[in-house]
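The structure appears right after this line, and notes come after that.
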Amino acid sequence: MKIRRLESEEQIPINLLLQADPSEQLIIEYTRNGECFVAQMKDQVIGSYVLREKNIDTIELKNIVIKEDFQGQGLGKILLFHSIKHARNKGYKAIEVGTGNSSLGQLAFYQKCGFRMIKIDQDFFIRQYSDIIIENGIQCRDMIILRMEL
């Protein structure tokens, strides 16, 4: 798998990013102000992540996704650690990621990779998304913010 930064003239992999965030409008907004990376096998894009600066010391992982056919092979962990290495190389002191209270697999994934829960943004998904999101039989209401010191 090859991971590379998307060039400014290239189209963002919107259909892929929509698997992790159902708002096309929000994806367009944070990719415009961030850096989008893609993971490729041969000529096929199988994963992506987006980083955006939060402040001078902290960068935020706004989206990370692996195509469903390629999940469960450790490729998401490779992408995540690529984003962490990139953040370190750019001089950030921390990386943060937010996920839904109902995203049980993602919460476990980030914690297994060394992230710690630091904050809850109550009703974030109610405020930001017009449609109700149900995941694992739970309504997604709150954003859980996790952080890793670099």
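The values are calculated or read from the model by the stated rules, or taken from the named source; none is laboratory data. It should be emphasised that the depicted structure is a prediction, and the values quoted were computed from it without experimental measurement. Every residue, glycine as well, gets a Cβ built from its backbone with ideal geometry; the counts of neighbours run over all protein chains shown. The area values use the complete protein model at the heavy-atom level, side chains included, leaving out ligands, DNA and RNA. Shrake-Rupley method; radii C 1.70, N 1.55, O 1.52, S 1.80 Å.
Please report, as a whole percent, how much of the solvent-accessible surface of the chain comes from carbon and sulfur atoms (probe radius 1.4 Å).
So the carbon and sulfur contribution to the accessible surface is 46 percent.
Over region 1-108, average the accessible area per residue using a 1.4 Å probe and give it in Å², no decimals.
54
Can you tell which of ILE120, ILE59, LEU104 lies farthest toward the positive end of the dipole of the chain, using +1 and -1 charges on the Cβ of basic and acidic side chains (Lys, Arg; Asp, Glu)?
Of the options given, the answer is ILE59.
Given R₀ = 25 Å, what would the calculated FRET efficiency be for ILE56 paired with GLU24, taking r from the Cβ atoms and rounding to 0.05?
0.25
Taking amide H positions as placed 1.01 Å from N in the peptide plane, with prolines and chain starts having none, which residues 5 or more places from GLY47, or on another chain, fall under 5 Å of its amide H?
Those qualifying (amide H under 5 Å, at least 5 residues apart or on another chain) are ALA39, LYS67.
Testing the spin-label approximation: label points 7 Å from Cα along Cα→Cβ at ARG4 and ASN33. State their distance in nm.
2.8
Rg over Rh of the chain, using C-alpha atoms and the Kirkwood radius, what does it come to?
A ratio of 0.93.
Sorted from largest to smallest, which semi-axis lengths in Å does the alpha carbon gyration tensor of region 40-97 give for its equivalent ellipsoid, taking the root of 5 times each eigenvalue?
Working through the eigenvalues yields semi-axes of 24, 10, 10 Å.
Taking the Cα-to-Cβ direction at ASN136 and at LYS93 and moving 7 Å from each Cα, how far apart do the two end points lie in nm?
Spacing of the two 7 Å Cα→Cβ label points: 3.2 nm.
Report the gain in length on full extension from ILE126 to LYS85: 0.36 nm times residue separation, minus Cα-Cα distance, nm rounded to one decimal.
Separation in residues times 0.36 nm, less the Cα-Cα distance, equals 11.5 nm.
Given the -39500 (n - 2.57) contribution per DSSP H run of 4+ residues, what per-residue ellipticity at 222 nm results for the chain, rounded to the nearest 500 deg cm²/dmol?
That comes out to -7500 deg cm²/dmol.
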